[in-house]
Amino acid sequence: MQALEAYLAYSMLVLAATLLSRTNRAMNLIALTHAVSCIALAAYSLGNAPMHYFDNNFLIDSLSIYEFFITGIIFFFALVYAGAHLERLVELGLLEKRNTKLYYLSLNCLLIFTILSFASNNLAVFWIFVELTTFFTAFLIAILNSKKNIDASLKYIFVTSTAMLFAFIGIILIFALSESALGKGTLNWDELLANARSFSPGFLAASFAFIFIGFSAKSGVAPFHTPLPHAYSKAPSAVSTIISAVMLNLGIYGILRTYAVVRQTSAAPAASNLLLAFGLLSIFVATFSMLHQRNVKKLVAFSSTEHSGLMLIGLAIGTPLAVFWVLYHMLAHALTKAVLFLSTGILQRQYNSNNAGKIINAFKLQPLASIGLILGGAAILGIPPFVIFISKYSILVQLAGYSLPLLLLVLLLLLLASAAFLSLGTEIFTHTQDTRIERYNAPKRMTAPIVALIILVFVLGIYFPSEIYALLTKIVSDLKF
Amino acid sequence: MITAALAESLTQALVVLVLISGAFIVTRKDLLSLVSTYQMQSLLLAGVALSLYSVDQSPTLLYLAGLTLVSKVLLIPYIIKRIQRKINISRDMEFHYVSPIASIFITIILILLVYGAFSNILKELALSNLFYLGAVFGISLTLMGMLITFSRKKVITKIIGYLTMENGVLLFSLFITELPFIIEVLILVDLFMIVLLATILSIGMDSSVEAYQERFHQLHIEDLQEKLHLHRKHRGES
């Protein structure tokens, strides 16, 4: 049996076992083994890529492997955290006990469809799986007992699915294009990439624009970012982490694959300008929304929009080095965002609010979450020695070679974003009062992932593993940048 | 057997009717008639697929017509009507950003824009006039659906907007190219979405009812108990 089939068989086993198990602990353990199996799939594929499956509709290549790793790691930490967090949610009456099974089933399904999306070779198959991840994400947002969650979830579905329909139009156009150029229509990424030069550039650019609209909604690019702040702040923290770290990558991944095809033709400058425009717009909108933000989780959410903007700019530059650092930024951003969302999750359970005004004596009551928030905040702003510093700095260096005025503009916006983080941070951590708030003892299973992630973010900031270097170089050359 | 020319003019008429049904949805307030219009639109779409089938005899088109009939004409409207009964609202009075008259104008502008933009792109595919018309109308219908999704407030109307967009994509793909299996899956994804929305909404309705009852408990019952208590006390004293 091949690796992907083995993974699929195992994931079905996971779903069945979750259905049969009775306790929260058991379902959590099963889901954890599922996340580990994704990392195992990635590790196994590393030596054997590229591998084709099911009529070449699925392909595991270097880029898929890299995304498997990120997905597996983020799901693993989020799930460790979710186990204890869930008990607290049930205790508080925010989640009904009978819905816990549904929660784990949806998380497992979300992981399966994410892995299948990254393993798809066919653009349409990818579209279908991405759409399915949207549904399960929406479901996970809506699972908490509150009217606001339903609203956030509906908003998320409508904006994302509406945009995804445009991507579908783009897919139809690409199919028609390949049919007229090659005689036989194809939507396979490897075939599209190999034959890109025979496609008409104008037509390809139009298809790319449609596809870009769809996938950019998935990664929270402005102006499609509107549902994300609500979704992030209402969802359980483990789910926010997954949306921000994994779903965002899913969108950027789709854009990257399609962009790689367009790069082969003379439509490259048009596509690059499109990415640049939306990238700038995202950073701009995110920065100005962050400035007056008093809700911690929403601030972190807008920062995701800012970072997808930065990644789009990196792609727009389009040099092999820029793409290399965008890929590294995907990992760096995912890990750092996980630190931030998991820390704010503990604060949220302590104060039952994300509002800066309600957070009092944070250092005394929740020292670890406070440190997580401060270090995570420093890391996300790109302060050395954390991992984002390397990727952010390198993308900006590439931007300097591309256009100096643009670099200055982006730097100014990033500075403003830092100011937003600083001002909210000072407000939260200097807010002391003599109140008798009962301390919420966050269990080890909630604090351990934060500590582990901080260490990871720090270590990757000072040490660049040669394995990652080799993998990223392989991806860049596979995508023909 | 109908002739090719007849089939072509029939298709043309059906496509125009589909677009008119889109315009109708943009302006309607009454939720029940929105659902029926959507039903009618899907029926017309199945008709388009059938009349295209009569020309090129491709089994995919026949299959697609059948699938549209079962899911979009029967199943989805049925589920929507059930959700509607559960939520119990009959009119979407809140036109969020644009009034019906304005939305008609926006629609016309959208169609013209699409026509202009696509005349360049689609030239390269060397489509016949009929196919060009179908493709442009498909995109226009998609944009009209988007207008509905973003300009209305009620969830049911938004759903209808999304489904209209989806019909637009279907119309577009019918005329552009013959896709292998993807279109069918699109319809299935659609069904999945409706079921999911129905579930989320029913959870939402339940939880809001609960919240209401909770508040009711806090406000009235305690009040009543206090009154009762006072009353007894009063009687005891006297």
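Of the conditions (1) surrounded by 24 or more Cβ atoms within 10 Å (Cβ to Cβ); (2) over 25 Å from residue A:144 (Cα atoms), residue A:228 satisfies every one except a single condition; which number is it?
Condition not satisfied by residue A:228: (2).
Pick out the one residue from A:181, A:194, A:176 that is over 23 Å from residue A:477 (Cα atoms), in a helix (DSSP H, G or I) and more than 8 Å from every other protein chain (Cβ to nearest Cβ).
Of A:181, A:194, A:176, the one residue that is over 23 Å from residue A:477 (Cα atoms), in a helix (DSSP H, G or I) and more than 8 Å from every other protein chain (Cβ to nearest Cβ) is A:181.
I want to confirm something. Restricting to segment A:19-43 and keeping residues that are at pLDDT below 95 and among the hydroxyl-bearing types (Ser, Thr, Tyr), which single residue is surrounded by the most Cβ atoms within 10 Å (Cβ to Cβ)?
A:21
When the residues of segment A:137-173 are narrowed to those that are among the hydroxyl-bearing types (Ser, Thr, Tyr) and facing another protein chain (nearest Cβ under 9 Å), which ends up farthest from residue A:101 (Cα to Cα)?
Applying the filter and picking the extreme gives A:162.
Report yes if some residue within segment A:410-420 is modelled with pLDDT of 90 or more, closer than 23 Å to residue A:83 by Cα and loosely packed, with under 14 Cβ neighbours inside 10 Å; otherwise report no.
No: segment A:410-420 contains no residue that is modelled with pLDDT of 90 or more, closer than 23 Å to residue A:83 by Cα and loosely packed, with under 14 Cβ neighbours inside 10 Å.
Taking the stated definitions as given, is residue A:258 hydroxyl-bearing (Ser, Thr, Tyr), surrounded by fewer than 24 Cβ atoms within 10 Å (Cβ to Cβ) and in contact with a Leu (Cβ under 8 Å, 6 or more places away or on another chain)?
Here the answer is no, as residue A:258 does not meet what is asked.
Being out of contact with any strand residue (DSSP E or B) (no Cβ under 9 Å at 6 or more places or on another chain) and over 24 Å from residue B:105 (Cα atoms): is that true of residue B:14 here?
no
Take residues that are among the hydrophobic types (A, V, I, L, M, F, W, C) and modelled with pLDDT under 60 and tell me which of the helices (runs of 4 or more DSSP H) falling wholly in segment B:136-238 contain 1 or more.
Output list reads B:182-216, B:222-237.
Are any residues in segment A:20-46 free of Cβ contacts under 8 Å to residues at least 24 places away in the same chain, of a type in the set (S, T, N, Q) and part of a helix (DSSP H, G or I), and if so, which ones?
Correct list: A:33 only.
May I ask you to list the residues in segment A:125-160 that are small (Gly, Ala, Ser) and crowded, with 23+ Cβ neighbours inside 10 Å?
A:138, A:142, A:152, A:153 - these are the residues of segment A:125-160 that are small (Gly, Ala, Ser) and crowded, with 23+ Cβ neighbours inside 10 Å.
Give the residue, chosen from A:395, A:359, A:371, A:390, that is of a type in the set (A, V, I, L, M), out of contact with any Gly (no Cβ under 8 Å at 6 or more places or on another chain) and buried (at least 20 other Cβ atoms within 10 Å of the Cβ).
Just a single option satisfies the conditions, and that option is A:359.
Could you give every pair whose Cβ atoms fall below 8 Å, whose first residue belongs to segment A:100-119 and is at pLDDT 95 or above, and whose second residue is among the acidic types (Asp, Glu) and assigned to a helix (DSSP H, G or I), counting only separations of at least 6 or pairs across chains?
A:118/A:67
Would a scan of segment A:433-453 turn up a residue that is modelled with pLDDT of 95 or more, surrounded by 13 or more Cβ atoms within 10 Å (Cβ to Cβ) and of a type in the set (Ser, Thr, Tyr)?
Scanning segment A:433-453, I find no residue that is modelled with pLDDT of 95 or more, surrounded by 13 or more Cβ atoms within 10 Å (Cβ to Cβ) and of a type in the set (Ser, Thr, Tyr), so the answer is no.
Keeping to segment A:150-197, report how many residues are β-branched (Val, Ile, Thr), in contact (Cβ under 8 Å) with a residue 24 or more places away in the chain and over 25 Å from residue B:171 (Cβ atoms).
So the count comes out to 0.
Anything in segment A:47-57 that is part of a helix (DSSP H, G or I) and closer than 27 Å to residue A:186 by Cα? List them, or say none.
Scanning segment A:47-57 gives a single hit, A:48.
Counting only residues that are in contact (Cβ under 8 Å) with a residue 60 or more places away in the chain and either closer than 17 Å to residue A:10 by Cα or among the acidic types (Asp, Glu) (or both), how many does segment A:73-99 have?
So the answer is 2.
Would you please list the contacts, defined by Cβ atoms under 6 Å and residues six or more apart or on different chains, that run from a residue in segment A:3-19 that is without any contact (Cβ under 8 Å) to a residue 60 or more places away in the chain to a residue that is part of a helix (DSSP H, G or I)?
Filtered contacts from segment A:3-19: A:3/A:41; A:3/A:44; A:3/A:45; A:10/A:37; A:17/A:30.
The values are calculated or read from the model by the stated rules, or taken from the named source; none is laboratory data. Just so it is clear, the model here is predicted, and its values are computed rather than measured. Ideal geometry is used to build each Cβ from the backbone, glycine not excepted, and the neighbour counts take in all protein chains shown.
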